[in-house]
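Chemist: Below is one structure. I have some questions about it.
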Amino acid sequence: MLETLRRIVLEVDSAPTFQAALDVLVHSVREATGTEVCSVYLLDERTERLVLMANEGFNHDSIGVVSMTFDEGLVGLCASREEPINLQDAASHPRYLYFPETGEERYNAFLGVPIMHRRKVLGVLVVQQRDNRRFGEGEVAFMVTLSAQLSGVVAHAKVLGQMEVVRSSRATATQTYQGITGASGVTLGRAVVLYPPADLEQVPDRAVEDIDTELALLKKALESVREDVEALDERMADTLMPEERALFDVYLRMLDDNALGGEIAERIEAGNWAQGALREVIDEHMQNFALMDDPYLRERMSDVRDLGLRLLAQLQEQEAEETREFPENSILVGEDISTAMLLEAPLDKVCGVVSATGAANSHMAIVARALGIPTVVGVGDLPITSLDDAEMIVDAYLGRIYVQPSRVLRKRYQAIIKEEQQLVAGLDAYKQREAVTPDGHAVPLCVNTGLMADVARAKDRGAEGVGLYRSEIPFMLRERFPGEEEQRQIYRQQLEAFAPRPVTMRTLDIGGDKDLPYFPISEDNPALGWRGIRITLDHPEIFMVQVRAMLKAASGLDNLQILLPMVTTVSEVIDAVALIHRAVAELQEEKEYEVTLPRIGVMVEVPATIIQIADLAKHADFISIGSNDLTQYLLAVDRNNPRVADLYSSYHPAVLRAVRYVVGEVHRVGKTVSICGEMAGDPGTAILLMAMGFDALSMSASNLLKVRKAICHVPMQRARELLDRVLAFDRPELIRAAVEQEMTELGLIDLVRPQNQARSQA
Ligand code: PEP
Ligand code: MG
């Protein structure tokens, strides 16, 4: 059985399209189980009906037509119970429902298993048989295993918009999708689908403006590919036999007007742009090929796919020559919007971001938060290819997306956006105030920066320094490592802008989810791999250039602090400190810049550093807790994985207790401790951190005024009592509820759950 299972999963995975994958699946399962009927029903979220998407054994016309709710039929029963239904005599079951469209004969044995993904039912996989028998335990286990494997494929297909049930619903009604908050806020705009080059699957549909131009683009692409194939044919003249070279003739014929060329042109004339038309045609051919038994013809499948990719490359090359237009209020949408994709977009026009992958504390989300752009990530079932130019509401407080919103919903959200602007305007009063509690305790608030744009916002909001400058961000915006002088100028801007207040510059923190396009790192387990200080200690040439640039940039200002990321052992700190000392000595010898030894800090991100915090603090001038990574490693929850996002919480008792322990230990050895993870920017956790006695909290400029307002209204005494109370709780949800209760009593609930009231009526 295991071998059969493996084979089926392989066949499904390698099918060129989603529909082909389903067709292959029902065919193979029917054969493997020796049954007469196999069907896949998938949930259409708009209508909340389970639709027959693929089948062998019924009348073919029933596909896409037969459907039922969770309250109907045995399929509905299986979906609502979320467990296998195994019946010997299905027709005698009270929930049995007969669909004439299927041409169904009397099938007695019925086995249905739900297809589940992230605790949600995506559909049901069913086999049926004439014999009056109950399926055996091994058969049930086989189906359950297969369905679990299939769930990933279905979820992924929904992401890519390949499910016709999803696509066809587009024009009719508002569609709602649920993800996770990446950067809070609400926005309304038009989707601009971003997709990686050379990936045919992700090319979106786009209404064509000028059919003749698209046809001309296609013609040019066809000519270029034709020329390439002819050139290849000539080059191979001495190497290949004539019959082997016949393949090139096949390629050329496929490009003809009466083959692929003509079919793509037809789709363009029907209104899709050239790249979308190409995807549609190749998809269709892939589906047809997948169903063929003839191995020779199935082989042609890879030829068609190859031609499709060649044509796409040509079309995308032509597209790159024109610059893409971004409308005002663009919402960037994609399967995986990276930090680089976000930063390359014209930010003055971007009002929202929606990414099918990612989680609340992925790097892109943090950058979006710093920029104040409402962002929803981990929207697993978004039909991306059909969304380009669609009107969209992003409610990043609730992590929700509305596509093609109704008039009423749009009006409601326009009102919410206005209320939101008023709330922000109400915070203006806190720009000039100091963060001092009503009972007189001052809490220094710093900012996290990375872009120059952060600087103006941070200064305007009265930041008391930079608690974390993410130096990898300027590295991401370039096509190669910036040189020493280039870096010096970048750092100088930051240091000058805040002088005499301190600027904490973190040394290059790449690896994990932070990739540089020109320094790719490919690892099976990047979160536990080569990242942060591990890379820079292996590459002292990169580290030294950066440290020298920082030291030079601070010349005459003396407000630089250097922070070391992803530290695991004391020796890493000793080695890095030695390199910094060496850089200082070199520069002092060179005499061009006047440099002094900066304060050096260690980040607490790896659980081992909690246990050894006193040892580490002795080798550093200060400690800064990176709660984003610390939470990830302490809870063993990938900060980028939407599947486990519910487990990722800075309200987790283990996180709060660990953080408090670190503060106590660092103070015991007489050093200072700050926190620069996103926890500091949430007014709810910020008051707990304040009660723990942090020397400074550092957060994105977008959250600064909210946190300052909270501090100005929560007496330290009350915060300490709250902290003592919540640290005795054993679950994150209890802690969060207690904090929210406190905020409600203090009239501050809007700071943690803004517009909550208004939205629940929307
Ligand atoms: C952290 O891990 O908390 C942190 C501040 O670093 P980053 O989010 O950049 O990994
Ligand atoms: Mg980190």
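Rule-based calculations on the coordinates, nothing more; no lab input. This is a predicted model, so every value here is computed, not measured. Heads up, the Cβs are rebuilt from the backbone with ideal geometry, glycines too, and the neighbour counts pull from every protein chain shown.
Chemist: So how far, in whole Å, is the C-alpha centre of segment 552-575 from the one of segment 429-477?
Modeler: 20 Å
Chemist: Among the lysines, which fall within straight-line cross-link reach of residue 591, defined as a Cα-Cα distance under 29 Å, with same-chain neighbours fewer than 8 residues apart omitted?
Modeler: Straight-line reach from residue 591, under 29 Å: 552.
Chemist: Cβ under 12 Å from residue 96's Cβ, residue 96 left aside: what net charge do those residues give with Lys, Arg +1 and Asp, Glu -1?
Modeler: Local net charge: -1.
Chemist: In segment 18-61, what trypsin sites (Lys or Arg not before Pro) fall in a loop by DSSP, with at most 16 other Cβ atoms inside 10 Å? Please list the in-between numbers first.
Modeler: Working: sites: 30, 46, 49; in loops: 46.
Counting only loop positions with at most 16 other Cβ atoms within 10 Å, the trypsin sites (Lys or Arg not before Pro) in segment 18-61 are 46.
Chemist: Can you tally the net charge around residue 610? Count Lys and Arg as +1, Asp and Glu as -1, for every other residue whose Cβ sits under 11 Å from the Cβ of residue 610.
Modeler: 0
Chemist: Further, regarding this structure: Okay, helix-only estimate at 222 nm for the chain: each DSSP H run of n ≥ 4 adds -39500 (n - 2.57), divide by all residues, round to 500 deg cm²/dmol; what do you get?
Modeler: Calculated mean residue ellipticity at 222 nm is -14500 deg cm²/dmol.
Chemist: Antiparallel versus total DSSP beta bridges in segment 2-159: what percent is that, nearest 5?
Modeler: On the way: 27 of 27 bridges.
Percent antiparallel among DSSP bridges in segment 2-159 is about 100.
Chemist: What are the ³J(HN,Hα) values, in whole Hz, obtained from phi via the Karplus relation 6.51 cos²θ - 1.76 cosθ + 1.60 with θ = phi - 60°, for each residue of segment 95-100 in sequence order, with x given for Gly and Pro?
Modeler: In residue order, the calculated couplings are 8, 5, 10, 9, 10, x Hz.
Chemist: Taking H placed 1.01 Å from N in the peptide plane, check which residues at least 5 places from residue 117 or on another chain put their amide H under 5 Å from its amide H.
Modeler: Sorted by chain and number, the residues that satisfy this are 122.
Chemist: Still on this model: Name the chymotrypsin sites (Phe, Trp or Tyr not before Pro) in segment 590-663 that are in a loop by DSSP and that have at most 15 other C-beta atoms within 10 Å, would you?
Modeler: Filter output for segment 590-663: 593.
Chemist: Can you give me the Cα centroid spacing of segment 1-72 and segment 181-239 in angstrom?
Modeler: 31 Å
Chemist: For residue 106 and residue 72, FRET efficiency with R0 = 22 Å and r from the beta-carbon atoms, rounded to 0.05?
Modeler: Details: r = 19 Å, r/R0 = 0.88.
For residue 72 and residue 106, the calculated efficiency is 0.70.
Chemist: To check you understand DSSP bridge types, tell me what percent of the beta bridges within the chain (both residues inside) are antiparallel, rounded to 5.
Modeler: 55 percent
Chemist: Rounded, prolate or oblate: which one fits segment 400-487, using the alpha carbon gyration tensor with axes a ≥ b ≥ c (rounded when a/c is under 1.5, else prolate when a/b beats b/c, else oblate)?
Modeler: Cα axes put segment 400-487 in the oblate bin.
Chemist: Follow-up. Mind running the shape call on segment 200-315? Use the C-alpha gyration tensor, a ≥ b ≥ c as the square roots of the eigenvalues: rounded below 1.5 for a/c, prolate if a/b tops b/c, oblate otherwise.
Modeler: oblate
Chemist: Next question. Near residue 650, within a Cβ-to-Cβ distance under 15 Å, what is the net charge of the other residues, with Lys and Arg +1 and Asp and Glu -1?
Modeler: Charge balance in the 15 Å sphere: -1.
Chemist: Normalised by the empirical 2.2 N^0.38 Å for globular proteins, what value does the Cα Rg of segment 2-159 take?
Modeler: Relative to the rule-of-thumb radius for its length, segment 2-159 sits at 0.94.
Chemist: Using per-residue counts of other Cβ atoms within 10 Å, averaged over each peptide, order 428-436, 200-208 from highest down.
Modeler: Details: 428-436: 13.9, 200-208: 20.0.
So the peptides 428-436, 200-208, ranked by packing, come out 200-208, 428-436.
Chemist: In terms of Cα to Cα distance under 19 Å, which lysines are near enough to residue 671, apart from those fewer than 8 places away along the same chain?
Modeler: 618
Chemist: Right, another one. Show me 367-376, 462-471 ranked by packing, highest mean number of other Cβ atoms within 10 Å first.
Modeler: Descending mean neighbour count gives 367-376, 462-471.
Chemist: So for each of 533-544, 96-107 I average, over its residues, the number of other beta carbons within 10 Å; can you give me the resulting order with the highest mean first?
Modeler: Averaged packing, sorted descending, gives the order 533-544, 96-107.
Chemist: Shifting gears a bit: Rg (Å, one decimal) plus Dmax (Å, integer) for the alpha carbons of segment 457-520?
Modeler: Values for segment 457-520 (Cα only, Rg and Dmax): 13.0, 38 Å.
Chemist: Based on the alpha-carbon gyration tensor of the chain and its eigenvalue square roots a ≥ b ≥ c, which shape applies: rounded if a/c is under 1.5, prolate if not and a/b is larger than b/c, or oblate?
Modeler: Numbers: a/c = 2.01, a/b = 1.51, b/c = 1.33.
Because a/c hits 1.5 or more and a/b exceeds b/c, the chain counts as prolate.
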